[in-house]
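Reading through the structure tokens given below for one structure.
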Amino acid sequence: MMAATGISNSNSIGSGKNSNPKIRLRRTQSVTRVQDVNEREKRERAVQPDNPVHEPKDSLLSFSSGYTNYRGLLNLCIILLVLSNARVALENIIKYGILVDPVQWFKVFMGKPANWPSILIVLSLNCFFLLSFLIELLYSKNKLGEMAGRFIIVTSLSTVIVVPVVIVFTTNCNPIGTSVALGFVSITFLKLVSYHMVNFWCREDRNQMDANRHKRRGSFGLTVSSTANDLNEVSLITYPRNLNLRDLYYFMFAPTLCYELNFPRSARIRKRFLLKRLVEMLFLLQLILGLVQQWIVPIIRNSLQPLKEMNFSLMLERLLKLAVPNHLIWLLFFYWFFHSCLNAVAEILRFADREFYQDWWNAENVNYFWQNWNIPVHQWALRHLYKPLVNRGFSKYQASISVFFVSAFFHEYLVSVPLNMYRIWAFSGMLGQVPFAMFVSRFLHNQYGNMAVWVSIIIGQPLCILMYYHDYYVIHYGSLEAIS
């Protein structure tokens, strides 16, 4: 009876397990088991007489399909873009005729006395070169105190920025010539800041050296050996041997904003490479100037009336109409300056570092774009602004805001001063990149982030052009008759 009772109890317990699914759960099949089942099912279906043709697949345009080869669609977009722009270009020629006149650009840059102040501004920069050289030379000989020298340097660098503004606002300077001149002024300011900071690091290192005198400051990334054989018989220049006019002027003409005692040098000048860059420079410059005359100027002139009447629909139409040619010219200018011009200068000077840009066109966030589209400026900001602020206790966010603030200042400086007026459109647009970057990084990723970056570039620039153009004519002319 005990055996029977045990059997009956076990049966009842077993029946209880089957009746209550919560007590015993079915195990899920592993991935390998599922694949085996699918493969067996596929083989079984393949021998069936109905000749099956279907199997589990996702549509190619679905993300889950894993399909990435959209080259044909990209070619279609390029063809449509070319055809649409060709239609707009043909419409422009039929409506306005041929407006391209290279002689007119020569008159704009050189043919008017109003451009001569801009030329004098560029030539006067040599005075600041020599003053900086004299300051560093006195520093190296311990004939100038640190605080007194800093006061002179700050005064000199401030003068570099302020004096051209006074000249522009007190003389009748041409806006285009002034813009080019102030570009050289801004480059000179950044270069001189780097020149003084690097020499200051070298002085600090020299003052702190004791027994191990042949080692340089670790942040330079170089270790100077006492024997030339360790560096392939190339002796590196050390401080203060770098303090000579040849070294200074080489840096001033070199395609970089960051000073070093020993720049990487190429073995020779490649004549064929240099010739290609020079041909590109001449051809693309004429193409850019011609597109501005033929395409940009008529659109801008026809945009003043909608801006003055605050007709938002027509303003939007003019903005979109200006966006495509403006962006095309911007792309051409990028290639002309960062690839053709800088490579030509680097080839002549045998400057070996040719990384003037990286793949900014693949930027999926705003920070990546600003870090890669202009490498010389990014290197300067990182080396002489961002890292020093972080080393002084500022947070990375505060240092980044400071970088954008300085960049916004120079954007406004290069636009408002040549137009002989002060507006904050470029300044605000640059600072507006900070919240826009936070928005894109948080809500948009991958291709959507890349599209957001492209939209900001395509729309932001023509918007600033229209706003500055409107304010310029309202302030300086005050009527629409001045346009005709």
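The values are calculated or read from the model by the stated rules, or taken from the named source; none is laboratory data. Everything quoted here is computed from the prediction, not taken from an experiment. Quick reminder, even Gly has a Cβ in these numbers, built from the backbone with ideal geometry, and neighbours come from all protein chains shown. Accessible surface is based on the protein model in full, side chains and every heavy atom, while ligands, DNA and RNA are left aside. Shrake-Rupley method; radii C 1.70, N 1.55, O 1.52, S 1.80 Å.
One table, with the values for the structure above:
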| item | result |
| --- | --- |
| Of all accessible heavy-atom area on the range 292-413, the percent that carbon and sulfur account for (1.4 Å) | 64 |
| Euclidean distance of C-alpha centroids, the range 325-346 and the range 398-414, integer Å | 23 |
| Full-extension gain in nm, R265 to V297, via 0.36 nm per residue minus C-alpha separation | 7.2 nm |
| Of all accessible heavy-atom area on the range 115-180, the percent that carbon and sulfur account for (1.4 Å) | 76 |
| Net length gained if the chain between D58 and Q305 were fully extended (0.36 nm per residue, minus Cα distance) | 83.7 nm |
| Residue order for C464, C77 - accessible surface, 1.4 angstrom probe, largest first | C77, C464 |
| In the range 234-319, the trypsin sites (Lys or Arg not before Pro) that fall in loop regions by DSSP, at most 16 other Cβ within 10 Å | R241, R268, R270 |
| In sequence order, calculated HN-Hα J values of the range 130-138 (Karplus, 6.51, -1.76, 1.60; Hz; x Gly/Pro) | 5, 5, 4, 4, 5, 4, 5, 5, 5 |
| Summed side-chain charge close to R350 - residues other than R350 whose Cβ falls under 12 Å, Lys, Arg +1, Asp, Glu -1 | +2 |
| Rounded, prolate or oblate (a/c below 1.5 giving rounded, otherwise prolate when a/b exceeds b/c) for the range 343-484 by Cα gyration tensor | prolate |
| Sites S441 and Q398 - FRET efficiency at Förster radius 22 Å, r taken between beta-carbons, to 0.05 | 0.80 |
| Interchain or long-range residues, amide H under 5 Å from F351's placed H | S266 |
| Which of M451, M315 is most accessible, then next, and so on - probe 1.4 Å | M451, M315 |
| Whole-Hz couplings from phi, Karplus 6.51/-1.76/1.60, listed for the range 157-173; x for Gly and Pro | 5, 5, 5, 4, 7, 7, 4, x, 5, 4, 5, 5, 7, 9, 10, 8, 7 |
